[in-house]
Amino acid sequence: MSEGDSNPPQPAVPEAHEVDTYHVPKAFFSKGTGKAHLKDLDHYHELYKHSIDDPHAFWAKLARELLTFERDFQTVHSGSLTNGDNAWFVEGRLNASYNCVDRHAFKNPNKAAIIYEADEPSEGRTITYGELLREVCRVAYVLQQMGVKKGDTVAIYLPMIPEAIIAFLAITRIGAIHSVVFAGFSSDSLKDRVIDARSKVVITADEGKRGGKLIGTKKIVDEALKKCPDVKHCLVYRRTGTEVPWTEGRDFWWHEEVEKWPNYIAPESMSSEDPLFLLYTSGSTGKPKGVMHTTAGYLVGAAATGKYVFDIHDDDVFFCGGDVGWITGHTYVVYAPLLLGVASVVFEGTPAYPNFSRYWEVIDKHNVSQFYVAPTALRLLKRAGDEHIKSEMNNLRVLGSVGEPIAAEVWKWYHEKVGKEEAHIVDTYWQTETGSHVITPLAGITSTKPGSASLPFFGIEPAIIDPVSGEELKGNDVEGVLAFKQPWPSMARTVWGAHKRYMDTYLNVYKGFYFTGDGAGRDHEGYYWIRGRVDDGVNVSGHRLSTAEIEAALIESPLVAEAAVVGVHDDLTGQAVNAFVALKDPSQDNDQTKKDLILQVRKSIGPFAAPKAVFVIPDLPKTRSGKIMRRILRKILSGEEESLGDTSTLSDPAVVDKIIERVHAVR
Ligand code: 6R9
C-alpha cells in the first residue's frame, strides 16, 4: 500500500439514527424445524466469548461433533500468527470424502445429496448419497489408475455440473489435492495455474452450457496443455456430445473409464494438516497466489459456518449460486452442505436464462430453504423488475449475500421481494484465505443492519487498525483496516510454493495479526462495516481481480508502453475495470487498438476481467519515484476533478489536464 495506490476514502460509519436494525423475521420460526441451533443472541455472545477465551476447548468440542476422525487428535492447535506455522487438530486422521459422503450414505443412502439444475430447466437430475458414494469411488479408482498418488495435485476445469463435485471428492478420497480453475478463465490462465500447482491430471468436459450458449471447454484445455508437458492425463466428461479434438494416450473419456472399476474404494487416511486443496486468487502483483487449505481445519470451518450461519438442519435444501471455481462454491456448494448431510443444488445456468425468474423458479421447484448469492446477481434481478418474482418460495428461511458489500436498497429489495419479509438475511464477509465466514450474522439469531456484515463468527477476534500508525484502534466507532488477532481452524496455511509471500501478504503486515486487506469500520454497537479492498484489488461482479494482473495482460501487447487499471463504481457490477494505456506509437490511437486491448485481456485472463473502457493517454500520472497514482485516475473517472488533491508530487503535473481532456472526449 502506498499513497499512490490506496483507494479513495470510504464514507464514514453511518450514524445510529441513519441505520435501520432488522430483527429475525417471526416467520423464520414457522419454517423448517421452527428452531435455530442457538437459543438467542445471548447464547451467541456466551459461545463467542468461550471461543475467544478458550479456543482449544471450543474447537475441540465442535470438531469432534461435526467431523468423523478416524484417529482422534490430542493437540487442538499449535503455532502462531507471528510464526505462520498454525496447525489444528494435529494428530487427527480423517478423510474429506468420507466425511462428506460415506457417513451419510451408510445412514441415509436414498437421501438427496446433489440436486442438479441444468442450464435447460427440463434437464437435470438428483443424485442420492448412495449414488454419490459409488460415483466418487469409481472416479477415485480412475485417478489412481492414472497414477495419481497421495499429495499429488489434480486440476479441475469443469462447468457447474455434478461431476465437478464428484471430481472434488474423488481427488480427496485418494489423498490428492484439488486445484480448481474457474471454467471462465482463459487457456493462458489455466496453463499458469496448472504449472504452478504442478497438476498431473486435468479433469474437464467436452463443452459447457450456460445461458443457452455453448462453451468450448475442452478446446481451451487443449490450448493450455500444449504448454504443460507434465500433464500426463486428461479425463473428459461428455456434457454435450460434440466432437472434440483428442490426444491419444493423454485424453480419456470419463464414461468409458468409470465403467472399468468397482463401486467402492477405501478412503485414504489423511493427517489433519495434509493439504486439501489449492485455489488461486489475485494478488497485488501480477502472479496469482495458490492459497492452500488443509484438511481438518478447513472442514471444521465449513461445517461450523454451515450449521450456525445458515442454520442448516437435516431436511434443508441448500442452494448456493456461486461457481465451484471460486471459494464460495468450494465451501458452500460442496463442503458445508455435504459435511452436514443435506442436499446441495448445483446450478449450471445463469439467473437470466431462459428468463429473469430462473432463480425463483429453482427455489420453488426444489423447495430450497437457504439461498446464497452475490449482490451483483441481485442488482441485475432488481433492475430486471419485480414482475419476474412470481414464485412463492415458501420454504425459504435464510437469504445469504457474499463477495462484496451489499447496498442498503438492494438488501431491502432482497428482504422484501425475494424473502417476502419471512427470511433472515445473512451478509457474510470472508475470503478465499479465511476458508469460511469470519464476520457474519447467524441465521435466526443476529439482528442485522443493511450493509453491515454484523458480528464476528466464533473464534474470530477482529481488530481495526490505523493504517498510518499501525496501532490497533480499540473501542467502538472506529474506522481503519481489518485484521484478526487469533488464528482460526479454516485459515489458509500458505501460498503454494511461496510461503514468504504468504507471510508478507497476511502475517508480516501487522505483526501478530492476520491482515485481511480490507478497510472496515466498527460502529457504536460493535457491528462491522466492510469498506472494500485497500490494496489494488477490483471487485467485478463479486470476482476478485487484481489491477496488476490486468495491467500485466495489457502490457503483453506490443502496442502498449505502459498501463494502469483502476476499478470504478458501476451500478450493475459493483466495480468496473477501466484501463489507461500509453502507446509506444501514438499514431496507433484508434478504436481497433482499444478493441484489440480488450480482447487481449479476455484472452489472457478471461472475459470477466475485460476492461469496460480503455483510455489512450499520452503518459500515466506518476510520482517522481515512478509510482503510478491510480487515485488520480479514479477521481477523474468519477468526475471529481476538483478534488484531485496534491498533484505537485507528480513527475509531470501537466499530464493531469491531458488525461482529463481524453476522458471527456471519449464520454
Ligand atoms: C468469499 C469471497 C474476498 C474479498 C474480501 C472483500 C470482499 C467478500 C464480502 C466482501 C463486503 C461482504 N467481500 N464478502 N465485502 N461484504 N459480505 O468473496 O472470497 O473471492 O477471496 O474475495 O471480497 O473485499 O476481501 P474472495
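Does Met292 satisfy the condition of being of a type in the set (A, V, I, L, M) and farther than 22 Å from Arg134 by Cα?
For Met292, the condition - of a type in the set (A, V, I, L, M) and farther than 22 Å from Arg134 by Cα - is met.
Return a yes/no flag: does segment 526-549 have any residue that is open to solvent by 30 Å² or more (accessible area, probe 1.4 Å), modelled with pLDDT of 90 or more, not aromatic (Phe, Trp, Tyr) and not in a helix (DSSP H, G or I).
No, the conditions are met nowhere in segment 526-549.
What number of residues in segment 399-429 are in a loop (DSSP other than H, G, I, E, B) and over 15 Å from the mean Cα position of the chain (by Cα)?
Counting residues in segment 399-429 that are in a loop (DSSP other than H, G, I, E, B) and over 15 Å from the mean Cα position of the chain (by Cα) gives 7.
What do you reckon, is Ala408 open to solvent by 10 Å² or more (accessible area, probe 1.4 Å) and within 15 Å of the ligand (Cβ to nearest atom)? Show your work before the answer.
Numbers: open to solvent by 10 Å² or more (accessible area, probe 1.4 Å): yes; within 15 Å of the ligand (Cβ to nearest atom): yes.
For Ala408, the condition - open to solvent by 10 Å² or more (accessible area, probe 1.4 Å) and within 15 Å of the ligand (Cβ to nearest atom) - is met.
Just to be sure I understand, how many residues within segment 430-474 are part of a loop (DSSP other than H, G, I, E, B) and either touching a strand residue (DSSP E or B) at 6+ places or on another chain (Cβ under 8 Å) or within 11 Å of the ligand (Cβ to nearest atom) (or both)?
Residues flagged as part of a loop (DSSP other than H, G, I, E, B) and either touching a strand residue (DSSP E or B) at 6+ places or on another chain (Cβ under 8 Å) or within 11 Å of the ligand (Cβ to nearest atom) (or both) within segment 430-474 amount to 25.
Going by the structure shown, is Asp518 part of a loop (DSSP other than H, G, I, E, B), touching a Gly at 6+ places or on another chain (Cβ under 9 Å) and either within 16 Å of the ligand (Cβ to nearest atom) or open to solvent by less than 50 Å² (accessible area, probe 1.4 Å) (or both)?
It is false that Asp518 is part of a loop (DSSP other than H, G, I, E, B), touching a Gly at 6+ places or on another chain (Cβ under 9 Å) and either within 16 Å of the ligand (Cβ to nearest atom) or open to solvent by less than 50 Å² (accessible area, probe 1.4 Å) (or both).
In segment 386-405, which residue that is in contact with a Gly (Cβ under 6 Å, 6 or more places away or on another chain) and modelled with pLDDT of 95 or more is farthest from the ligand (Cβ to nearest atom)?
Residue satisfying both the conditions and the ranking: Arg397.
Would you check if Asp427 is out of contact with any Cys (no Cβ under 8 Å at 6 or more places or on another chain) and surrounded by fewer than 24 Cβ atoms within 10 Å (Cβ to Cβ)?
Details: out of contact with any Cys (no Cβ under 8 Å at 6 or more places or on another chain): yes; surrounded by fewer than 24 Cβ atoms within 10 Å (Cβ to Cβ): no.
In short, no.
Where the second residue is among the aromatic types (Phe, Trp, Tyr) and surrounded by 14 or more Cβ atoms within 10 Å (Cβ to Cβ) and the first is within 14 Å of Gln144 (Cβ to Cβ) and lies in segment 256-271, which pairs have Cβ atoms under 6 Å and are six or more apart or on separate chains?
Within 6 Å, the pairs are Trp261/Tyr141; Ile265/Tyr141; Pro267/Tyr98.
Within segment 193-234, track down each residue that is under 16 Å from Val142 (Cα atoms), over 25 Å from the mean Cα position of the chain (by Cα) and not in a loop (DSSP other than H, G, I, E, B).
Passing the criteria: His233, Cys234.
Consider segment 239-266. How many of its residues are open to solvent by less than 40 Å² (accessible area, probe 1.4 Å) and within 27 Å of Leu67 (Cβ to Cβ)?
Looking only at that region, the number is 1.
Tell me which residues, restricted to segment 537-551, are among the charged types (D, E, K, R) and within 14 Å of the ligand (Cβ to nearest atom).
Arg544, Glu549
The values are calculated or read from the model by the stated rules, or taken from the named source; none is laboratory data. Everything numeric in this text was worked out from a predicted model, so none of it was measured. All Cβ positions, even for glycine, are placed from backbone atoms using ideal geometry, and neighbour counts span all protein chains on display. All accessible areas refer to the heavy atoms of the entire protein, side chains included, with ligands and DNA or RNA removed. Shrake-Rupley method; radii C 1.70, N 1.55, O 1.52, S 1.80 Å.
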